[in-house]
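Taking it in order: structure first as structure tokens, then the write-up.
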Amino acid sequence: MSTTDAGTRDIDEAGLVFVDAAAYADDERFHRACALLRREDPLHLVEHPDFPPFRAITRHADVHEIELHPQSFHNAPVPVLANREALAQQEAAGGLLRTLIHMDDADHKAHRALTVDWFKPRSLARLDDRLGELARRSVDRMAELDGECDFARDIAMQFPLHVILAILGLPESDYPRMLQLTQELFGAEDPELARGKDPADILQVLQDFVAYFNALTEDRRANPAGDLASTIANGRLGGTDDGEPMGIIETISYYIIVATAGHDTTSSAMAGGMQALVEHPDQLQRLQDGIADDPGLLDTAVDEIIRWVTPVKHFMRNATEPYELRGHRFEPGDWLLLSYPSANRDEEVFDDPFRFDVGRSPNPHLAFGFGAHYCLGAKLAKMEIKALLTELLPRLRSVELAGEPALSHATFVSGLKRLPLRYELR
Ligand code: HEM
């Protein structure tokens, strides 16, 4: 470790941001810590009594390299950071969840293959009109709210939920229940969003998901309906009708990952993107001016919004074999945290990384990960954000903050839980 500018104590303290849900709600503190770690100790060992020790990977090149070697770095057994108490509870509950992010190698490939076609550009193109309609509904809703809204709650949280639940094929009357369960799952560390204070409450949330999706599976097995839920309920591994049926835990887990991964992530990007545009009026103006004659600008803006916000804050990897990186030798059993927000502000890769630039190109951000587990919904998420901007920007005459934005306290998926805006629409 080099300690040229910073002492070991400062570096150790910086490393603790990764175990502190509140640190993710304080952008400045979080990014200051990551910049220090990238510079001084990019594979920093984080030690905190409540957590098993792990290495925080903060440079873009290293996150990228680790993602490119899925045999040396598995997602299983624990793909998301958890403290010792939560890990003990998960173990006692006996593997309630087994989603794509819990799997590796051939098993992962076989399960991913089941739905991958649903998320390819050709299938998604069929959604374009529906996205346009939902975007129009969102802007109409802003108009109804008469010049002031909480953009995070009133707009950004609703749109992606409607999209993903429509693809799954769930009835609209169930959307509020799904919204609540998703927020309780990702907001478990946030006092305003969590179901309760006891860590065991999260197991209750998961059990509610299981009960809901069990009923759905039975229904779609009896009455297949051509929706994504039917593909999952009747899914056979190996891509043929005589392939092995998916296990019940894997089936339920599949719904949960699709319903949750496609929701809070995209809504965080939408709300965070809106905040960035409000706080960078020159970039908002540039986008509004360019939307008619430079359609490519909207695409670069969507990617820049996703880089800027980076809604997924980390995934964990578990070393399976010795591996040399940057002069350090990882050993089997080592636990690694891939810090996507840090990688996406890496000054070695991005010109002036703290500048929000809607025309940034190239923009090799890692907000969707990379390699075998690359986000299944990346294309869908970008289409959703683009649809909303396409509808909103031409109608937006003026916009400003109407209060303090607030970020959720979460170490995994986090973003704005409040974004009060005052605006005039055309
Ligand atoms: C801006 C929005 C989104 C962001 C930032 C995001 C980010 C991510 C990241 C970082 C991963 C892990 C990649 C890795 O380990 O290399 C991931 C995986 C995944 N995402 Fe997304 N995601 C978003 C939207 C969506 C949407 C709309 C869906 C729709 C269903 C979705 C479904 C998934 C699934 C199923 C996985 C697991 C893939 C696997 O393990 O093979 N995501 N996402």
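A few points about this structure:
- Residues being within 11 Å of the ligand (Cβ to nearest atom) and either assigned to a loop (DSSP other than H, G, I, E, B) or among the hydroxyl-bearing types (Ser, Thr, Tyr) (or both) - total across the range 77-113: 5
- Screening ALA410, ALA387 for residues that are part of a loop (DSSP other than H, G, I, E, B) and either in contact with a Leu (Cβ under 8 Å, 6 or more places away or on another chain) or within 30 Å of MET316 (Cβ to Cβ) (or both) leaves exactly one candidate, ALA410.
- Among the residues of the range 55-78, the one identified as hydroxyl-bearing (Ser, Thr, Tyr) and either out of contact with any Cys (no Cβ under 7 Å at 6 or more places or on another chain) or open to solvent by 50 Å² or more (accessible area, probe 1.4 Å) (or both) is SER72.
- For the range 34-51, the count of residues that are part of a loop (DSSP other than H, G, I, E, B), among the β-branched types (Val, Ile, Thr), open to solvent by less than 30 Å² (accessible area, probe 1.4 Å) and modelled with pLDDT of 95 or more is zero.
- For the range 173-280, the helices (runs of 4 or more DSSP H) that sit wholly inside it and include 1 or more residues that are within 16 Å of the ligand (Cβ to nearest atom), more than 16 Å from PRO160 (Cβ to Cβ) and polar (S, T, N, Q) are 228-233, 248-261, 264-279.
- Of the residues making up the range 116-162, just one is polar (S, T, N, Q) and modelled with pLDDT of 95 or more, namely SER138.
- Taking each residue of the range 364-378 that is at positive phi and of a type outside the set (S, T, N, Q) and looking for partners that are near the ligand (Cβ under 6 Å from one of its atoms) and open to solvent by 40 Å² or more (accessible area, probe 1.4 Å) with beta-carbon atoms closer than 7 Å, six or more apart or interchain, yields GLY369/CYS375.
- In the range 129-154, the residues that are more than 22 Å from the chain's Cα centre (by Cα) and of a type outside the set (A, V, I, L, M, F, W, C): ASP129, ARG130, GLY132, GLU133, ARG136, ARG137, ASP140, ARG141, GLU144, ASP146, GLY147, GLU148
- Here SER138 meets each of (1) crowded, with 18+ Cβ neighbours inside 10 Å; (2) among the polar types (S, T, N, Q); (3) closer than 20 Å to ALA410 by Cβ with one exception, condition (3).
- In the range 151-161, the qualifying residues are those that are away from the ligand (no atom under 12 Å from the Cβ) and of a type outside the set (A, V, I, L, M, F, W, C), and the one that is nearest to THR231 (Cα to Cα) is GLN158.
- Filter result (open to solvent by 20 Å² or more (accessible area, probe 1.4 Å) and under 23 Å from the mean Cα position of the chain (by Cα)) within the range 328-358: TRP335, GLU347, VAL349, PHE354, ARG355, ASP357
The values are calculated or read from the model by the stated rules, or taken from the named source; none is laboratory data. Computed from a predicted model, the values in this text were never measured in an experiment. So basically every Cβ, Gly included, is an ideal-geometry build from the backbone, and we count neighbours across all protein chains shown. To get the accessible areas, we keep the full protein, side chains included, count just its heavy atoms, and leave off ligands, DNA and RNA. Shrake-Rupley method; radii C 1.70, N 1.55, O 1.52, S 1.80 Å.
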